[in-house]
Amino acid sequence: MPTKAFGWGVESASDTVHPIHFERRDLRPNDVAIKISHCGICHSDLHFAHDDWGMSHYPMIPGHEIVGVVTDVGPDVRSYAKGDRVAVGCLVDSCQKCEYCKGGQETFCVEGSTFTYGVPDRHGELTQGGYSDHIVVREEFVCKVPDSLDMAQAAPLMCAGITTYSPLKRWGVKDGDKVAVAGLGGLGHMAVKIAAAMGADVTVLTTSPEKADAALKVGASDVLVSTDEEAMQAAARRFDLIIDTIPVAHEVDPYATLLRPNGTMVIVGALEQLPSFSGFNLIFGNRAIAGSAIGGLPETQEMLDFCAEHGIVPEIEVIKGDEIGEAWETLGKGDIPHRFVIDVEGSAKE
Ligand code: NAP
Ligand code: ZN
Ligand code: ZN
């Protein structure tokens, strides 16, 4: 029998977020049922709710930074048991057979990976995310929350953490590397913390001079205001790697120019059309412009363990379910240098 579920979501691209009653599927043999304690709010939740990427389905319960406790498992589940502290990120299913799934890159599954919310799953049902009291997920897409991590603080690691850890790792960030992070928000502040833990000297590129203190507090050694053309020109050829978390289309050249020869700028924020950029800037510098999508399941567990080992946790502001609408407005303005996390367990369910 499907179970009754409660969440907060939207019923169309122009709707405001509100309480929604819905149902979760019955447990399949390889499913884990999770009572959700906290869920982070990612900027992607706004993009998805507003159908910015033209792939959203409604009604939609957003949320892909999910933590909670296992309440039940199907008979074939091997790795989890009742009472385990677990987490779910941006993906809930994939074929598990193709080269990408086998290689731990489920995001790029040849049959298509299933996002945690807002899309039809492999069985034709709409997926619903973590702004809700519980979720049912096949065990391959569940991670273990290390004991030393606080549940509320672990939540944002499941998207902001992995989306920044993955490119920092892939581009081999090491002691003394010069890394810049564009945009000090949920992803950006995690990129600073993780890059610093990998030994990099980190600079924040921000449109908000008032975030300078917050940037230094999370581990940056320098702050560059990206609208200050003189300061940007003076920083030419300074960085080995730029992690660009800006959530909207923006000029690429002013950032690419900051790369040292052989440097790479990794775009993780803007999924839309970007303005054209100069081939000259790339060629005369062996520079690269790259992209990076979240991270696979093995790497997500590795990131959680890395954060536990290095004591890396996001800066969070915990809110209740009835404050999500307000949080979305603040996030939409790019005003906060940290992450909102919904205290799902402690919120009124009505
Ligand atoms: P966020 O908390 O809103 O942070 C984005 C930051 O970008 C803002 O704090 C702001 O920082 C800067 N910014 C905002 N508007 C800007 C503008 N018009 N021009 C220049 N800078 C601007 O968002 P987030 O949760 O970190 O997510 C960032 C983006 O990553 C979103 O688009 C999200 O959808 C995407 N995302 C991608 C993946 C992936 O797999 N690649 C995964 C998760 C999220 P300053 O004030 O410092 O300038
Ligand atoms: Zn996200
Ligand atoms: Zn696959």
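Assorted remarks:
- The C-beta contact set for the stretch 332-350 (first residue at pLDDT 90 or above, second residue among the basic types (Lys, Arg), distance under 8 angstrom, 6+ apart or interchain) comprises Ile342/Lys320; Asp343/Lys320; Glu345/Lys35; Gly346/Lys320; Ser347/Lys320.
- Test: residue in the stretch 95-104 that is within 16 Å of ligand 1 (Cβ to nearest atom) and open to solvent by 20 Å² or more (accessible area, probe 1.4 Å): yes
- Candidates are the residues of the stretch 328-350 that are of a type in the set (Val, Ile, Thr) and closer than 19 Å to Ala215 by Cβ; the one that is least open to solvent (accessible area, probe 1.4 Å) is Ile336.
- Flag if Arg122 is among the basic types (Lys, Arg), under 20 Å from the mean Cα position of the chain (by Cα) and surrounded by fewer than 24 Cβ atoms within 10 Å (Cβ to Cβ): no
Here's the yes/no breakdown for (1) crowded, with 16+ Cβ neighbours inside 10 Å; (2) more than 20 Å from the chain's Cα centre (by Cα); (3) closer than 24 Å to Asp177 by Cβ; (4) not assigned by TED's automatic domain parsing to the domain that holds Ser79:
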site: Thr227; (1), (2), (3), (4): no, yes, no, yes
site: Phe277; (1), (2), (3), (4): yes, yes, yes, yes
site: Phe280; (1), (2), (3), (4): no, yes, no, yes
site: Gly296; (1), (2), (3), (4): yes, no, yes, yes
site: Glu299; (1), (2), (3), (4): yes, no, yes, yes
site: Asp305; (1), (2), (3), (4): no, no, yes, yes
site: Val318; (1), (2), (3), (4): no, no, no, no
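- Within the set Lys97, Lys35, the sole residue that is among the basic types (Lys, Arg) and touching a Gly at 6+ places or on another chain (Cβ under 6 Å) turns out to be Lys35.
- All positions within the stretch 28-66 that are β-branched (Val, Ile, Thr) and under 13 Å from Thr116 (Cα atoms): Ile61, Ile66
- The residue list Asn286, Asn281 contains one member that is farther than 21 Å from Thr164 by Cβ and in contact with a strand residue (DSSP E or B) (Cβ under 6 Å, 6 or more places away or on another chain), which is Asn286.
- Scan of the stretch 61-88 for residues that are within 16 Å of ligand 2 (Cβ to nearest atom) and touching a strand residue (DSSP E or B) at 6+ places or on another chain (Cβ under 7 Å), ordered by number: Ile61, Pro62, Gly63, Glu65, Ile66, Val67, Ala87, Val88
- Scope the stretch 148-207; condition part of a loop (DSSP other than H, G, I, E, B) and hydroxyl-bearing (Ser, Thr, Tyr); matching residues: Ser148, Thr207
- Qualifying residues in the stretch 60-77 (those that are open to solvent by 10 Å² or more (accessible area, probe 1.4 Å) and in contact with a Phe, Trp or Tyr (Cβ under 7 Å, 6 or more places away or on another chain)) - the one nearest to ligand 1 (Cβ to nearest atom): His64
- Residue in the stretch 196-211 that is open to solvent by less than 50 Å² (accessible area, probe 1.4 Å) and at positive phi present: yes
- Qualifying residue in the stretch 2-21 (condition: small (Gly, Ala, Ser) and closer than 18 Å to Thr71 by Cβ): yes
- Looking only at the stretch 154-199, and only at residues there that are over 17 Å from the mean Cα position of the chain (by Cα) and touching a residue at least 40 places away in the same chain (Cβ under 8 Å), the one that is nearest to ligand 1 (Cβ to nearest atom): Ala180
- Taken over the stretch 128-141, the criterion of being open to solvent by 10 Å² or more (accessible area, probe 1.4 Å) and in a loop (DSSP other than H, G, I, E, B) is satisfied by Gln128, Asp133.
- The single condition among (1) assigned by TED's automatic domain parsing to the domain that holds Ala195; (2) touching a helix residue (DSSP H, G or I) at 6+ places or on another chain (Cβ under 7 Å) that Arg260 does not meet is (2).
- Against the test of being within 14 Å of ligand 1 (Cβ to nearest atom) and surrounded by fewer than 21 Cβ atoms within 10 Å (Cβ to Cβ), the options Pro247, Pro254, Pro261 yield a single qualifying residue, Pro254.
The values are calculated or read from the model by the stated rules, or taken from the named source; none is laboratory data. Predicted, not measured: the structure shown is a model, and the values here were computed from it. Every residue, glycine among them, receives a Cβ derived from its backbone with ideal geometry; neighbour counts consider all protein chains shown. The protein model used for the area step is the full one, side chains on, heavy atoms only, and it has no ligands, DNA or RNA in it. Shrake-Rupley method; radii C 1.70, N 1.55, O 1.52, S 1.80 Å.
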